[in-house]
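Read through the structure below, which is laid out as structure tokens, and then see the notes.
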Amino acid sequence: MMELVPEPASGRVFEGAIQPGVADVTGGGRARLDAIARWLQEIARQDLEDARFQGRGVWIVRRTRIRVESFPHYDDRLSLRTFCSGIGRFSAERRTVIEGEGARVDTVSRWICLDPQGGRPQRFDDDFKRAYAETAAGRDANVRVRHPGPPEGAAASAEPWEFRATDLDIAGHVNNSHYWGPLEQAFLAGGEPAGFDGEVEHREPALPGQAVLLRDGPWAWITSTKGEVHASAFSGA
């Protein structure tokens, strides 16, 4: 999984706050993984807006790792600190730390910046690099696919999956937060987790409708009914 680099001693670190609401938690009050993924999108948007880069590109996520030392719960007062931990030609890595009394979550995501007109990868301007280079500290943000595809015989484990119209986001496809659903679903069989460490990698965008969920040990894949891989997930804990 992606490295969780330490927080920087200097450079741009943007801070925000959140309190998990009723739609963010399970019946036991634990913050769900999909809710945490949504918080990461929101703090990233706020950072770009504060730095005056909002609207200069369309960002799509390639891969996200979430490592939970202790889960946040309903109505916790949480701080979020986010910084750029790597820069490529048209991609960037973002570390976000979520903390509260008794809660600690470390995350890292790699994002691709697209031209809002043509949808092609868009190189960063010099002012973007100047704003985020110090905390990136020369690290790259490679977005090539790293997760393996489903192995032969994985179809034997196939389960039906479905994306709904309410899963769409402003880009017109299923939001990346909803791909954490299979990992949340696995908690139902194993009981409430004390912690968690897992990663989701996105490939082809999905639209509402029927999909297929495949599992093999710690791996899971969501594919179209024709076998196209939308995303893969790995749970290390």
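Every read-out reported here was derived from the displayed coordinates using simple, explicitly stated rules and does not represent laboratory data. None of these values were measured; they are calculated from a predicted model. Note that we place each Cβ from the backbone using ideal geometry, even for glycine, and neighbour counts take in every protein chain shown.
Hey, among the residues in the range 96-135 that are part of a helix (DSSP H, G or I) and either in contact with a Leu (Cβ under 8 Å, 6 or more places away or on another chain) or hydrophobic (A, V, I, L, M, F, W, C) (or both), which one's nearest to ARG65 (Cα to Cα)?
Within the range 96-135, the match that is nearest to ARG65 (Cα to Cα) is ALA133.
For the range 159-169, check the following and say yes or no: at least one residue is under 19 Å from ASP34 (Cβ atoms) and free of Cβ contacts under 8 Å to residues at least 24 places away in the same chain.
Yes, some residue in the range 159-169 is under 19 Å from ASP34 (Cβ atoms) and free of Cβ contacts under 8 Å to residues at least 24 places away in the same chain.
Could you list, in sequence order, all residues of the range 186-204 that are surrounded by fewer than 14 Cβ atoms within 10 Å (Cβ to Cβ), out of contact with any strand residue (DSSP E or B) (no Cβ under 6 Å at 6 or more places or on another chain) and not aliphatic (A, V, I, L, M)?
Matches in the range 186-204: GLY190, GLY191, GLU192.
Considering only residues that are surrounded by fewer than 21 Cβ atoms within 10 Å (Cβ to Cβ) and hydroxyl-bearing (Ser, Thr, Tyr), look in the range 46-74 and name the one that is nearest to ALA131 (Cα to Cα).
SER70
Output yes when any residue across the range 14-26 is part of a strand (DSSP E or B) and in contact with a Leu (Cβ under 6 Å, 6 or more places away or on another chain), and no when none is.
Yes.
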